[in-house]
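Step one of this worksheet: look at the structure below.
The values are calculated or read from the model by the stated rules, or taken from the named source; none is laboratory data. Worth saying up front: this structure is predicted, and the values here are computed from it rather than measured. Positions of Cβ are generated from backbone atoms using ideal geometry, with glycine treated the same way; all protein chains shown enter the neighbour counts.
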Amino acid sequence: MKPATVLNIVVVAVLLMAPYWLNPYWVDVLNSIGLYAVLALSLNIILGYAGLFHMGHAAFFAMGTYTTAILNTQFGIPVLWLLPLSGLAAGAFAMIVARPIIHLRGDYLLIVTIGIVEIVRIALVNNVFGITGGANGIFGISRPHLFGHVIRTPHEFYYLIFAFAAATVLLFVRLENSRFGRALNYIREDDTAAEGSGIDTAHYKLVAFVLGAFWAGMAGNIFAAKMTIVSPESFTFWESVVMFTIVILGGSGNIRGVLLGAFLIIGLPEVFREFAGARMLFFGAAMVVMMIFRPKGILPPRARTYCLDFLPETPKGIGR
Amino acid sequence: MLLRVENLTVKYGNVEVLHGLNLHVAKGEIVTILGANGAGKSTTLMTISGLVRSSSGGIFFHDRPLHQLEAHGIVGLGVAQVPEGRRVFTTLSVRENLHLGAFTQTDPALIRRNLDWVYEMFPILRTRRSQLAGTLSGGEQQMLAIGRGLMANPKILLLDEPSLGLAPILVKSIFSTIREINKSGVTIVLVEQNARLALKLADRGYVLETGRIVLEDTAKGLLADPEVRTAYLGGV
């Protein structure tokens, strides 16, 4: 077995066993890490693969969360049934807002996406359409049921979140190596050359946005189920920054890096809680050091080698 | 006529850089566009390939209006551009760069055949196929850029300054390969600063000055033209 495979198995085994020797507090920390890992992985499609500077991911997360919260509290639809619907709501929202801005590049796109997350937050605070509950938010979201079993404790949520995260990782690994993943990689490297090579860059960028938003919306569904209360303060600009940081710090474009980033950014402040006030100082200093010594993230993506086996090599001897 | 450009006008913001350009390219030809810096040569090519939008006029490929299509759709029709400055994907291997060129192609057998063809044309690319494109020399990167263009299975290849920044000996070898590519049935539009070399290779040429075509003739005719000789061929 390759070392990477061994490492994968060990990590998965440790994560599966973790709740057995952790108290509910630490399991809850792991749950946060898991949710942020899914969010960061979904942002990674936009930021890491396509290279679009998008700092408004909390807006899509909010769309999913509020879709679940509203439909569950108003119409009593079971929470987990709303999982795909929350994704669709966030995806549709992303399609509408991303379409006119998709041609923007770099920092210009960044500023617009910051605008989006603020607009969404302020709309939620102002109780838009009278359905978001204003600054108080929405409470009384029911617990998810799975096969007749109610998911309630942190330990139960742990397995729901990690099953979702595992499914996300498996799907996104496939995505990375698909034609779609390749196209995004080319677009990130040089979008003019990609367009000139016959890649519909606007289309692929938009699909990346919609797919990333769809996944963030689904994460929002689980977030709503876990919190049972949602309010606009969960979707501030700072949340977007945290997701952005996880991707950039962990290694944008690398799934392992993003997962590690989620553990570090969400987990470390909890570990260093004793340092109280100074912990954000440590955290900030660590980030500065990181960006100096590993500007591409802790685990930068390896140079891509795509499986081109369907194109057999020509017999040896010609030209070589 | 394979490619017709009619009254093409292009603006960058408010500045008009091409003022009603007319040119045509017949099947199997090598046509060169000459001109000084800023004359609009690259803009012409970029507009044909759809990377720059025209503000009026038309571009027709087999009578299909290219100016209404997006760049990626134009590639699909069989018009491939090899951009100025090569723009290969430096973090990908040579093989992946070539494979990217075939993004619009769906038939694996054809992709395979084109890959063999490119390797035959540029044997060095086969030797270096697993190397990252960023580690290639300038000349090799230019070969790779041309190879990537060929992988799109083009009917017409737009070459933007293939001699840029290359040693004379490499330029010679690349130009002879361009002739070979042409002989295998690909029509070529070549934009060059190196007017003498371009005219030796081409069948016909256009001379572009500040966004207008001022001369149009066979390559032999342009080589003999006194004005061209003083302005672009160094007098003699």
*A:ALA58 being surrounded by fewer than 13 Cβ atoms within 10 Å (Cβ to Cβ), of a type in the set (Gly, Ala, Ser) and under 30 Å from A:ARG273 (Cα atoms)*: no
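Taking the stated definitions as given, is B:VAL189 away from chain A (no Cβ under 14 Å), surrounded by 22 or more Cβ atoms within 10 Å (Cβ to Cβ) and either within 12 Å of the chain's Cα centre (by Cα) or not charged (D, E, K, R) (or both)?
yes
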*Counting residues that are under 17 Å from the mean Cα position of the chain (by Cα), which helices (runs of 4 or more DSSP H) fully inside the stretch A:1-102 reach at least 3?*
A:24-44, A:57-75, A:82-98
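Within the stretch B:121-156, can you find the residues that are among the small types (Gly, Ala, Ser) and under 14 Å from the mean Cα position of the chain (by Cα)?
At the first step, the residues of the stretch B:121-156 found to be among the small types (Gly, Ala, Ser) are B:130, B:133-134, B:137-139, B:145, B:147, B:149, B:152.
Hits for the stretch B:121-156 are B:ALA145, B:GLY147, B:GLY149, B:ALA152.
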*Inspect the stretch A:208-219 for any residue being surrounded by 22 or more Cβ atoms within 10 Å (Cβ to Cβ), in contact (Cβ under 8 Å) with a residue 40 or more places away in the chain and not in a helix (DSSP H, G or I) and give the result as yes or no.*
no
_Unmet requirement for A:ALA262, which otherwise passes all of (1) in contact (Cβ under 8 Å) with a residue 24 or more places away in the chain; (2) surrounded by fewer than 22 Cβ atoms within 10 Å (Cβ to Cβ)_ = (2)
*Filtering the stretch B:100-123 down to residues that are within 13 Å of B:THR177 (Cα to Cα) and surrounded by fewer than 17 Cβ atoms within 10 Å (Cβ to Cβ), which residue is farthest from the other protein chains (Cβ to nearest Cβ)?*
B:TRP117
*So which residues in the stretch B:202-232 are assigned to a helix (DSSP H, G or I), of a type in the set (Val, Ile, Thr) and farther than 16 Å from B:GLU192 by Cβ, if there are any at all?*
B:THR230
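Looking only at the stretch B:125-140, filter to residues that are in a helix (DSSP H, G or I) and crowded, with 17+ Cβ neighbours inside 10 Å; which one of those is farthest from the other protein chains (Cβ to nearest Cβ)?
Looking at the filtered set, the residue picked out is B:GLY139.
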*Could you please tell me which pairs satisfy a Cβ distance under 9 Å, a separation of 6+ or placement on different chains, a first residue in the stretch A:5-31 that is surrounded by 10 or more Cβ atoms within 10 Å (Cβ to Cβ), and a second residue that is of a type in the set (S, T, N, Q) and not in a helix (DSSP H, G or I)?*
A:PRO24/A:THR153; A:VAL27/A:THR153
*asked:* Can you pull out every residue in the stretch B:54-90 that is within 10 Å of chain A (Cβ to nearest Cβ), surrounded by 18 or more Cβ atoms within 10 Å (Cβ to Cβ) and among the polar types (S, T, N, Q)?
replied: B:GLN81
_helices (runs of 4 or more DSSP H) lying entirely in the stretch A:131-201 (those with 3 or more residues that are buried (at least 21 other Cβ atoms within 10 Å of the Cβ) and of a type in the set (Asp, Glu))_ = none
_Members of the stretch A:120-130 found to be under 14 Å from A:THR236 (Cα atoms) and surrounded by 14 or more Cβ atoms within 10 Å (Cβ to Cβ), listed by number_ = A:VAL120, A:ARG121, A:ALA123, A:LEU124, A:VAL125
*Name the single residue, out of those in the stretch A:247-261 being under 11 Å from A:LEU47 (Cα atoms) and among the aliphatic types (A, V, I, L, M), that is modelled with the lowest pLDDT.*
A:ILE248
